[in-house]
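Q: Sharing a structure below in structure tokens format, with a few things to ask.
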Amino acid sequence: MADALGIALVGCGTVGSGVVKLLREQPERLTRRAGRVLELRRVVVQDKLKLRSVEVPLHLLTDDFQTVLTDPQIEVVCELMGGTTTAKARVLAALAAGKHVVTANKALLADAGPEIFEAARNANRTICFEAAVAGGVPIIRALAESLAANQVTAIQAILNGTSNFILTAMAERGIPYSDALAEAQRLGFAEADPTLDVDGSDAAHKLAILAQIAFGVAAKPHEIERVGIEHVEAIDIRFATELGYAIKLLAEAWVAGGHVALHVAPVMVRKTDMLAQVRGSFNAIQLVGDVVGETLFQGPGAGMMPTASSVVADLIDLAVGRAQKTFEVAKLWSKETRGFSIEPSEKVRSRFYLRLMVIDQPGSLADVCHALAEQGISISSLVQHEAPEGNSLAVPLVIMTHYAETGKFRAAVIAIDRLPAIREPAVSYSVDD
Ligand SMILES: NC(=O)c1ccc[n+]([C@@H]2O[C@H](COP(=O)([O-])OP(=O)(O)OC[C@H]3O[C@@H](n4cnc5c(N)ncnc54)[C@H](OP(=O)(O)O)[C@@H]3O)[C@@H](O)[C@H]2O)c1
């Protein structure tokens, strides 16, 4: 058997601990699959004295990253510390020292993909990142290898488990956003500061990575239009349910001509659709390929062992030599683009859900219909529950439109919000049929 594959972990928190555990508990299985022993030689942490959920042999634990660079028997550095500044410096240093890199860090890839992939190519080393998108779901390999005969034409994905957990709790138990978030935090599905999860940033980072593999576009996360779930209200979930839909935070990519539109937003998905049935903290990615048609990948999008499963799969691929071949051919984040350019989602055609709080008075509905008609948008259905007799307060009016261009719909909403009978800013979601 070939020599052992020497491995260093930089970071031993949730993901790193899972990797240590898996390497320790399944040595025979992993050696059989890798054709080499996977040998853990260093674990770099911040605080050597910290109590860890997994036992790390003391002689492996260090707070000195340099010891990784100077050990010639370490072939692979697993960056599992998170963040972008120090993580990037360490990834670049590891590549320059001739190490391959495995990372679970979507923020790093989305922010600095071009720079670190260029550095890897210059050093003739490989970067693997299966764990960076959807945790334990093998979507990177599926896209880069198993679906390599396809041009992907659409991606619709639930990529943030925290948001999906919150939306599921709101829909199934009718609880408000704040209660669902508090429950997610109590159960460990949300960070103390959940901003990046609930405002769509985390999903945008992951979509940027998928878009690089599927379309060759190097989208910066801030170039991806993004709306989070913080303002999703129980009333809209109730109306969605009544109309036969679920609200899901979707990361979407649509190809039209030589362009691709990317966005993250809460979207109404038909209850019978597979994505609507993805519950709790699970992730799912629905891909359409021009050869295969529609495919769905689903599984745990985070967590200690699911994420470790992906990190260790990357280590096995490096040990076997598969990862190096794929990396060489895929030319990710290189200057060789495949001709897709990013366009704003203004031109994307969709159906829309529009909820207005309207004073129930003669002419108000006609004004709303007129504003929609001015943009060429026709109404597919309309729901207005009867207001109690003598009620002078605003009542909800829900309109489902036929297909319209997003830009035209947005223009209509601006006009509607200015109407005298409208008492609150309109709430709208695109509807996926
Ligand atoms: N958690 C998940 O389910 C999950 C899923 C997919 C991807 N990821 C990604 O995986 C990465 C790690 O996430 P995590 O949840 O495992 O993070 P975590 O639990 O916060 O662990 C971070 C680890 O990095 C170490 N660290 C931080 N700064 C360091 C520094 N300057 N020098 C040395 N070590 C340092 C910490 O050391 P100490 O232990 O000494 O503090 C800790 O062991 C992130 O990029 C994350 O986005 C996580």
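No value in this document is a laboratory result; all are computed from the given coordinates. The model shown is predicted, which means the values in this text are computed figures rather than measured ones. When we count neighbours, we look across all protein chains shown, and the Cβ atoms used for this are built from the backbone with ideal geometry, even at glycine.
Q: Residue separation times 0.36 nm, minus the C-alpha to C-alpha distance between Ile379 and Asp64: what's the value?
A: 107.0 nm
Q: Here's a follow-up. Using Cβ counts within 10 Å as a stand-in for footprinting exposure, how do Ser17, Ser364, Ser341 rank, fewest first?
A: So the residues, fewest neighbours to most, are Ser341, Ser364, Ser17.
Q: For the range 1-143, restrict the atom set to alpha-carbon positions and state the Rg and Dmax in Å.
A: Reported Rg and Dmax, both Å: 14.5, 41.
Q: Ok, one more. In the range 303-411, what chymotrypsin sites (Phe, Trp or Tyr not before Pro) fall in a loop by DSSP, with at most 14 other Cβ atoms inside 10 Å?
A: Answer in residue order: Tyr403.
Q: With a Förster radius of 56 Å, plug the Cβ-Cβ distance of Ala148 and Asp417 into 1/(1 + (r/R0)^6) and report the FRET value to the nearest 0.05.
A: The formula returns an efficiency of 0.75 here.
Q: Also, I was wondering about something else. Nearest 0.05, what FRET efficiency do Leu51 and Glu294 give at R0 = 60 Å with Cβ-Cβ as r?
A: After rounding, the FRET efficiency stands at 0.80.
Q: For Cys78, list long-range residues whose amide hydrogen, built 1.01 Å from N in the peptide plane, is under 5 Å from its own amide hydrogen.
A: So Cys78 has HN proximity to Ala8, Leu9, Val10, Val102.
Q: Taking 0.36 nm per residue of separation and subtracting the Cα-Cα distance, what length does fully extending Lys325 through Glu39 add?
A: Extra length from Lys325 to Glu39 when fully extended: 100.7 nm.
Q: What trypsin sites (Lys or Arg not before Pro) in the range 298-404 are in a loop by DSSP, with at most 12 other Cβ atoms within 10 Å of the Cβ?
A: Within the range 298-404, the qualifying trypsin sites (Lys or Arg not before Pro) (loop, at most 12 other Cβ atoms within 10 Å) are Lys335, Arg338.
Q: What are the radius of gyration and Dmax of the chain, computed over its Cα atoms and given in Å?
A: Reported Rg and Dmax, both Å: 24.2, 85.
Q: Hey, another quick one. Counting helices only, and only those DSSP H runs with n ≥ 4, report the 222 nm mean residue ellipticity of the chain as the sum of -39,500 (n - 2.57) divided by its residues, in deg cm²/dmol to the nearest 500.
A: For the chain, the value works out to -11000 deg cm²/dmol.
Q: OK, next. For His402 paired with Asn124, estimate the spin-label separation in nm (one decimal), with each label point 7 Å from Cα along the Cα-to-Cβ line.
A: 6.2
Q: Please list 3J(HN,Hα) in residue order for the range 373-386, calculated via the Karplus relation 6.51 cos²θ - 1.76 cosθ + 1.60 where θ = phi - 60°; whole Hz, with x for glycine and proline.
A: These are the phi-based 3J(HN,Hα) values: 4, 4, 9, x, 9, 9, 8, 8, 7, 9, 10, 9, 6, 4 Hz.
Q: DSSP loop GluC sites (Glu not before Pro) in the range 15-116 with at most 11 other Cβ atoms within 10 Å of their Cβ, which ones?
A: Answer in residue order: Glu55.
Q: Per residue of the range 300-311, in order, report the coupling 6.51 cos²θ - 1.76 cosθ + 1.60 (Karplus, θ = phi - 60°) as ³J(HN,Hα) in whole Hz, putting x for Gly and Pro.
A: Values, residue by residue: x, x, 6, x, 4, 7, x, 6, 4, 4, 6, 4 Hz.
Q: Once each part is reduced to its C-alpha centroid, what is the distance from the range 89-155 to the range 280-348 in angstrom?
A: The two parts, judged by their Cα centres, are 9 Å apart.
Q: How far is it, in nm, from the label point at Glu28 to the one at Glu343 when both lie 7 Å from their Cα along the line to the Cβ?
A: 5.8
Q: Same structure again: Tell me, Cys12, Cys78 in order of fewest to most beta-carbon neighbours within 10 Å?
A: Result, fewest neighbours first: Cys12, Cys78.
Q: Let me ask something else. Write down, largest first, the equivalent ellipsoid semi-axes of the range 315-433 in whole Å, where each equals the square root of 5 times an eigenvalue of the alpha-carbon gyration tensor.
A: In descending order the semi-axes read 48, 17, 11 Å.
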